[in-house]
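A.B. asks: Input: one structure, supplied below.
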Amino acid sequence: MRIIIAGGGHQADYLVKIFKEEKQDIVVINRDRAMAEFISSSNGVRVLNSDPTKIYSLSDARIHGADVMIALSENDADNYVICLIANRLFGVKKCVCVVSNPKNVSLFKRLGIDSVISSTYLIGQTIKHESSLEKLIRTLTIEEDKIEVIEMSVMGDFDIVGRSLKETHFPKNINISCILRDSDVIIPEGSTVINEGDKMIVITKTNEQTEIINFLKKKRNGK
């Protein structure tokens with residue numbers, strides 16, 4: 001099994017040692033030069049000193065078609081982006097996203113991440129007990145929250161086309177998590193302009209889902 005570990009400090013080193021015992025094929029991507037050199041020298045595995053949130057870094061690591069991506073960076077949003085790019089652009093079969101904020105477990109799961117875990121220790125212990133990373137991914141569960149995640153394809157006659165997010169008067173309880181544009185994954189800012197053909201990943205409350213969908217689909221003629 002080919003496993004990619006992105007980010008992390010001693011957590012990454014810990015997991016590398018476990019996977020080496022299981023004779024897995026491991027590649028590590030770490031932006032911290034000192035940690036990258038430490039993991040490489042102490043474990044004898046391939047380590048790239050690069051930013052795993054960048055497409056070129058994942059390409060250089062030759063992750064295409066890998067079995068598992070484990071994102072361990074300190075920033076939850078970075079881990080989400082790493083997993084999203086790995087799965088959508090490079091065809092990585094399973095993604096495990098480690099988060100610091102437990103509230104992001106349910107949210108990221110509903111955004112399409114295979115497994116979201118709030119403790120690196122849980123990964124290692126589960127692998128030891130189950131002896132299978134595939135079983136780990138299959139058995140992890142989360143508690144559903146009162147949040148809806150909507151993937152909306154933007155049509156040419158939508159009123160929001162051509163407007164920046166800051167110019168668009170969105171309803172109160174809405175979060176544009178990311179925009180998928182061709183092969184790009186965009187983490188939007190206020191200046192980000194919505195284009196025809198974009199796919200918007202939108203987070204909102206369950207009881208406000210209909211209002212949000214109607215707003216996004218509103219046509220230029222007001223219908």
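The values are calculated or read from the model by the stated rules, or taken from the named source; none is laboratory data. Keep in mind that this is a model prediction, so the values were computed, not measured. Heads up, the Cβs are rebuilt from the backbone with ideal geometry, glycines too, and the neighbour counts pull from every protein chain shown.
A.B. asks: Just checking, how many residues over the range 2-14 are touching a helix residue (DSSP H, G or I) at 6+ places or on another chain (Cβ under 8 Å) and within 20 Å of Lys94 (Cβ to Cβ)?
C.D. replies: Residues meeting the conditions: 9.
A.B. asks: I want to confirm something. Restricting to the range 15-40 and keeping residues that are of a type in the set (Val, Ile, Thr) and not in a helix (DSSP H, G or I), which single residue is nearest to Ser57 (Cα to Cα)? Don't jump to the end; show me each part of the working.
C.D. replies: Taking the range 15-40 as the starting set, the residues that turn out to be of a type in the set (Val, Ile, Thr) are 16, 18, 26-29, 39.
Now drop any that are not not in a helix (DSSP H, G or I), which leaves 26-29.
Numbers: Ile26: 16, Val27: 12, Val28: 11, Ile29: 8 Å.
Restricting to residues being of a type in the set (Val, Ile, Thr) and not in a helix (DSSP H, G or I), the top hit is Ile29.
A.B. asks: Tell me, please, whether a residue that is in contact (Cβ under 8 Å) with a residue 24 or more places away in the chain, of a type in the set (Val, Ile, Thr) and out of contact with any helix residue (DSSP H, G or I) (no Cβ under 8 Å at 6 or more places or on another chain) can be found in the range 15-38.
C.D. replies: Scanning the range 15-38 turns up at least one residue that is in contact (Cβ under 8 Å) with a residue 24 or more places away in the chain, of a type in the set (Val, Ile, Thr) and out of contact with any helix residue (DSSP H, G or I) (no Cβ under 8 Å at 6 or more places or on another chain).
A.B. asks: Same structure again: Pick from the range 63-79 the residues that are among the charged types (D, E, K, R) and touching a helix residue (DSSP H, G or I) at 6+ places or on another chain (Cβ under 9 Å): which of them is modelled with the lowest pLDDT? If you could, list the steps in order and put the result at the bottom.
C.D. replies: Kept after step one, since they are among the charged types (D, E, K, R), are these residues of the range 63-79: 67, 74, 76, 78.
Subset that is touching a helix residue (DSSP H, G or I) at 6+ places or on another chain (Cβ under 9 Å): 67, 76.
Numbers: Asp67: 92, Asp76: 87.
Filtering the range 63-79 for residues that are among the charged types (D, E, K, R) and touching a helix residue (DSSP H, G or I) at 6+ places or on another chain (Cβ under 9 Å), the one modelled with the lowest pLDDT comes out as Asp76.
A.B. asks: Which of the residues that make up the range 49-80 are crowded, with 23+ Cβ neighbours inside 10 Å and part of a helix (DSSP H, G or I)?
C.D. replies: Passing the criteria: Leu58, Asn79, Tyr80.
A.B. asks: List pairs: first in the range 99-114 and within 16 Å of Ala86 (Cβ to Cβ), second crowded, with 19+ Cβ neighbours inside 10 Å and basic (Lys, Arg), Cβ under 9 Å, 6+ apart or cross-chain?
C.D. replies: Matching pairs, first to second residue: Asp114/Lys94.
A.B. asks: Also, quick follow-up: Collect the residues in the range 183-223 that are touching a residue at least 12 places away in the same chain (Cβ under 8 Å), within 20 Å of Leu111 (Cβ to Cβ) and of a type outside the set (A, V, I, L, M, F, W, C), keeping them in residue-number order.
C.D. replies: Ser183, Pro188, Glu189, Thr192, Asp198, Lys199, Thr204, Lys205, Thr206, Asn207, Glu208, Gln209
A.B. asks: Specify the residue that is surrounded by the most Cβ atoms within 10 Å (Cβ to Cβ); the eligible residues are those in the range 158-181 that are out of contact with any Asp or Glu (no Cβ under 9 Å at 6 or more places or on another chain) and of a type in the set (D, E, K, R).
C.D. replies: Filtering the range 158-181 for residues that are out of contact with any Asp or Glu (no Cβ under 9 Å at 6 or more places or on another chain) and of a type in the set (D, E, K, R), the one surrounded by the most Cβ atoms within 10 Å (Cβ to Cβ) comes out as Asp159.
A.B. asks: Quick one: count up the residues across the range 81-104 that are part of a helix (DSSP H, G or I) and surrounded by fewer than 19 Cβ atoms within 10 Å (Cβ to Cβ). Full working, then the answer.
C.D. replies: Residues of the range 81-104 part of a helix (DSSP H, G or I): 81-90, 103-104.
Now narrow it down to the ones that are surrounded by fewer than 19 Cβ atoms within 10 Å (Cβ to Cβ): 87-90, 103.
Residues that pass the stated criteria total 5.
A.B. asks: Taking Leu107 as meeting all but one of (1) closer than 22 Å to Thr204 by Cβ; (2) in a loop (DSSP other than H, G, I, E, B), write down the number of the exception.
C.D. replies: The single condition Leu107 does not satisfy is (2).
A.B. asks: When residues of the range 59-71 are filtered for being under 14 Å from Phe108 (Cβ atoms) and either in contact with a Gly (Cβ under 7 Å, 6 or more places away or on another chain) or among the small types (Gly, Ala, Ser) (or both), how many remain? Full working, then the answer.
C.D. replies: Start the filter on the range 59-71 by keeping residues that are under 14 Å from Phe108 (Cβ atoms), which leaves 69-71.
If we keep only those that are either in contact with a Gly (Cβ under 7 Å, 6 or more places away or on another chain) or among the small types (Gly, Ala, Ser) (or both) too, we end up with 71.
Going through the range 59-71 one residue at a time, the tally reaches 1.
A.B. asks: Turning to a different aspect of this structure: Against the condition modelled with pLDDT of 95 or more and either under 28 Å from Arg110 (Cβ atoms) or assigned by TED's automatic domain parsing to the domain that holds Asp13 (or both), how does Asn49 come out, does it pass?
C.D. replies: Details: modelled with pLDDT of 95 or more: yes; either under 28 Å from Arg110 (Cβ atoms) or assigned by TED's automatic domain parsing to the domain that holds Asp13 (or both): yes.
So Asn49 passes the test.
A.B. asks: Please go through the range 19-48 and give me each residue that is over 17 Å from Cys95 (Cβ atoms) and surrounded by 17 or more Cβ atoms within 10 Å (Cβ to Cβ), ordered by number.
C.D. replies: Scanning the range 19-48 gives Asn30, Arg31, Met35, Ala36, Phe38, Ile39, Ser40, Asn43, Val45, Val47, Leu48.
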